[in-house]
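Structure record follows, encoded as structure tokens.
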């Protein structure tokens, strides 16, 4: 399976919103209720597993909000440009991350290939690191008594101490 991108204008907005409302009812009206997928002839129905239910809700939320969605299997390999685009960095920045060993890659020929799963792990690791840094900065600001100050109060306090 290759990746597939669905643009919001390609999706029938009314159907997307209706599906989203139906899938969101799970857990609200009847917590134990599970969505089912019916065969085209209606002869069989299969309950959606929790993980697939969650993915569908997130995909429908994105489409309903006007965002495109891309579905890609984890074993997919990306070019360095595709990986850079996913991270929101330049290709030279990504190349440095690869060369520094921060993200594993393969080089089957002269071009680098990055596994999507490895890129997602790197993203998650960076997200965790940023959360830790933010928490440290928040703790430090609280210890200094600066956390509850407004921007102007902070400027006044900073200029008085300088």
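Values quoted throughout were computed directly from the atomic coordinates according to the rules given, and no laboratory measurement underlies them. All values derive from a computational prediction rather than experimental measurement. Note that we place each Cβ from the backbone using ideal geometry, even for glycine, and neighbour counts take in every protein chain shown.
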Practice problem: Return yes when residue 95 is surrounded by fewer than 14 Cβ atoms within 10 Å (Cβ to Cβ) and more than 21 Å from residue 3 (Cα to Cα) and no when it is not. | Solution: no
All conditions in (1) over 27 Å from residue 14 (Cβ atoms); (2) within 14 Å of the chain's Cα centre (by Cα); (3) exposed (fewer than 12 other Cβ atoms within 10 Å of the Cβ) are true of residue 73 except (2)
| task | Return a yes/no flag: does segment 95-104 have any residue that is in contact with a helix residue (DSSP H, G or I) (Cβ under 6 Å, 6 or more places away or on another chain) and under 21 Å from residue 127 (Cα atoms). | result | yes
